[in-house]
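Let me begin by presenting the structure, written as C-alpha cells, before commenting on it.
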Amino acid sequence: MIVITGATGALNGATVDQLLTRVPAAELAVVARDVAKAQRFADLGIDVRRGDYADAESLPSAFDAADQLLLVSSSDPRADAVELQRTAIGAAAAAGVGRILYTSHQGAAADTPFGPGRDHYATEKLLAESGVAWTSLRNGFYAHSLAWLLGPWRETGVIEVPADGPVSWTSRGDAAEAAAHILTAATPREGLVTITASAAPTFVEVAAIASELTGREVTTRVVDPEEWVARQVAAGQPEFLARFMLGMYEAADLGFFAGTDPLLGELLGRQPVTVRDVLAAPAPQGH
Ligand SMILES: NC(=O)c1ccc[n+]([C@@H]2O[C@H](COP(=O)([O-])OP(=O)(O)OC[C@H]3O[C@@H](n4cnc5c(N)ncnc54)[C@H](OP(=O)(O)O)[C@@H]3O)[C@@H](O)[C@H]2O)c1
C-alpha cells in the first residue's frame, strides 16, 4: 500500500495520477486535511483518509498499513514546518511505515538563505534519525514560478532581480512523474535523491533565452536587495513574502540551486521540460 499526503495539492496530486497508470487504485490511499477536497480520488476507488500534521491524533489511522508513505512538505510559509514534519515522521515511525519518501528541495542546507531549504535540511535529519527507511526527493525549483518571478518582461524587456545565480528550473509535472517511477521501482532509492531539469541558467541566461524566443532584446537588471523588497511591498506583496523570496535569489547567487542531475531524464525516458519550453508557452494572463 502506498499512502500519499498532499494529494489535494499540485505535486502529489499529479503523482497519484501517475501512480494510477502503474498500480491498481486499491493499492493507494490518500491523506487529506479536508476529505471533501479529495473526492476525485474517492471517485476513482482510492481510500481517502483524514489526516493533518497539526493534529497528531489523526495520523495513526491515516498512515495505517503504509509500505511506503509519500510525505508532502508543509506548504504554509508561516507555519513551523519542521515541527509539523517532526509530528508526521514520528507518527509514521509509530505506525510501522516501511519507507518515508519526503518532498524536499534542491539546495537543502543548514546555511542556505532560503528558509524552506533550512527546514528541509532539518527534516532530512529527522528522517535519518527516525529509524524508518527514507528517501528525500530533492526537487528543483518549480519552473512555472518563472511566470511571476520574471515580472512583466514581455512588456518592459527587463527582468529585475535582487541577486542573480543559476537555478535548475524544474517542471512540477516532471517531478511528480519521477516520484511515481521511484515509488513503483523494484529497488528503492535510499537517502537524498536530486530531481532537476538538465540545465541551471542564471537570470542573465534566462533573459538570453527570452530574447531568442521573442526576437527582441530582453535584459536582466540586478537591483539593490532592499530597493527590490521595497518595490515588491509597494506592488502589494506582504513584506515577509518579499523577504522569503529574497532568500531564494540570495541562495541562487550562492549556488545552492546550481546542480543538475541526469536522473530525472533517465526516469522519464525523455528530456525534462526546459526553461525555453516554459517561456515559449503562452504568456500567463496579466503578463
Ligand atoms: N520545488 C519548489 O519550487 C516548490 C515550490 C513551492 C512549494 N514547494 C514544496 O513542495 C510541496 C508540494 O508542492 P505543491 O505544489 O503540491 O504545493 P500545494 O499545491 O500547495 O500542496 C500542498 C499540499 O500539502 C498539504 N498540506 C499542507 N499542510 C499540511 C498539513 N499540516 N498536514 C497535511 N497536509 C498538509 C496541502 O493540503 P490542503 O489541500 O489541505 O491545503 C496540500 O495538499 C509544498 O507543500 C512545498 O513544501 C516546492
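Backbone amide hydrogens, once placed in the peptide plane, bring N139 within less than 5 Å of S104, H105, Q106, I195, excluding anything fewer than 5 places away on its chain.
Distance between Cα centroids, segment 64-115 to segment 128-188: provide it in whole Å. After rounding, the separation between the Cα centres reads 17 Å. Over segment 207-278, the hull volume per residue, using the convex hull of the C-alpha atoms, is 141 Å³. Under 5 Å between amide hydrogens, built in the peptide plane, is the criterion, and for L192 it picks out S136 among residues at least 5 positions away or on other chains. Counting charges near F244 (Lys, Arg +1; Asp, Glu -1) among other residues having Cβ under 14 Å from its Cβ returns a value of -1. Shape index of the chain: Rg/Rh, with Rg the Cα radius of gyration and Rh the Kirkwood radius from the inverse mean 1/r over Cα pairs, equals 0.98. Residue ranges 111-122, 3-14 sort as 3-14, 111-122 when ordered by packing (mean number of other C-beta atoms within 10 Å per residue, highest first). Of the trypsin sites (Lys or Arg not before Pro) found in segment 1-101, the ones in coil according to DSSP and having at most 13 other Cβ atoms within 10 Å of their Cβ are R22, R78. Cα extents for segment 88-222 along the principal axes, largest to smallest and rounded to whole angstrom: 57, 32, 18. Helical content alone sets the calculated 222 nm signal of the chain at -11500 deg cm²/dmol, taking -39,500 (n - 2.57) per DSSP H segment of four or more residues and averaging over every residue.
Please compute the modelled spin-label separation between A280 and A36, points set 7 Å along Cα→Cβ, answer in nm with one decimal. With each label placed 7 Å out from Cα toward Cβ, I get 4.3 nm.
The Cβ shell under 10 Å around T5 holds other residues with a net charge of +1, Lys and Arg each +1, Asp and Glu each -1.
Once the Cβ-Cβ distance of R231 and A65 is raised to the sixth power relative to R0 = 41 Å, the FRET efficiency obtained is 0.20.
Taking a ≥ b ≥ c as the square roots of the eigenvalues of the alpha carbon gyration tensor, segment 1-126 is prolate, as a/c is not under 1.5 and a/b beats b/c.
Highest average first, the peptides 254-260, 192-198, 137-143 ordered by how many other beta carbon atoms sit within 10 Å of their residues are 137-143, 192-198, 254-260. Between A110, A66, A79, the Gaussian network model of the chain with springs among Cα atoms under 10 angstrom shows the greatest mean-square fluctuation at A79. Phi-derived couplings, Karplus 6.51 cos²θ - 1.76 cosθ + 1.60 at θ = phi - 60°, listed residue by residue for segment 26-31: 5, 9, 10, 9, 10, 10 Hz, with x used for Gly and Pro. Each residue of segment 127-143 is assigned a 3J(HN,Hα), and the resulting list reads 4, 5, 8, 6, x, 9, 4, 9, 9, 10, 8, 8, 6, x, 4, 4, 5 Hz, derived from the Karplus form 6.51 cos²θ - 1.76 cosθ + 1.60 (θ = phi - 60°), x at Gly and Pro. Computed 3J(HN,Hα) for segment 35-40, one whole-Hz value per residue from the Karplus formula 6.51 cos²θ - 1.76 cosθ + 1.60 where θ = phi - 60°, is 4, 4, 6, 9, 4, 5, glycine and proline marked x. For segment 174-253, just say rounded, prolate or oblate: build the C-alpha gyration tensor, square-root its eigenvalues into a ≥ b ≥ c, call rounded for a/c under 1.5, and beyond that prolate if a/b exceeds b/c, oblate if not. Verdict is oblate for segment 174-253. Here the relative contact order of the chain, from alpha carbon pairs under 8 Å that lie six or more residues apart, stands at 18 percent. Distances between placed amide hydrogens fall under 5 Å for R99 paired with Q68, L69, all partners being 5 or more residues away or on another chain.
Read-outs: derived from the displayed coordinates by stated rules, not from any lab. Just so we're clear, the structure is a prediction, and the values are computed from it rather than from any experiment. Cβ coordinates were reconstructed from backbone atoms using ideal geometry, including for glycine residues, and neighbour counts include every protein chain displayed.
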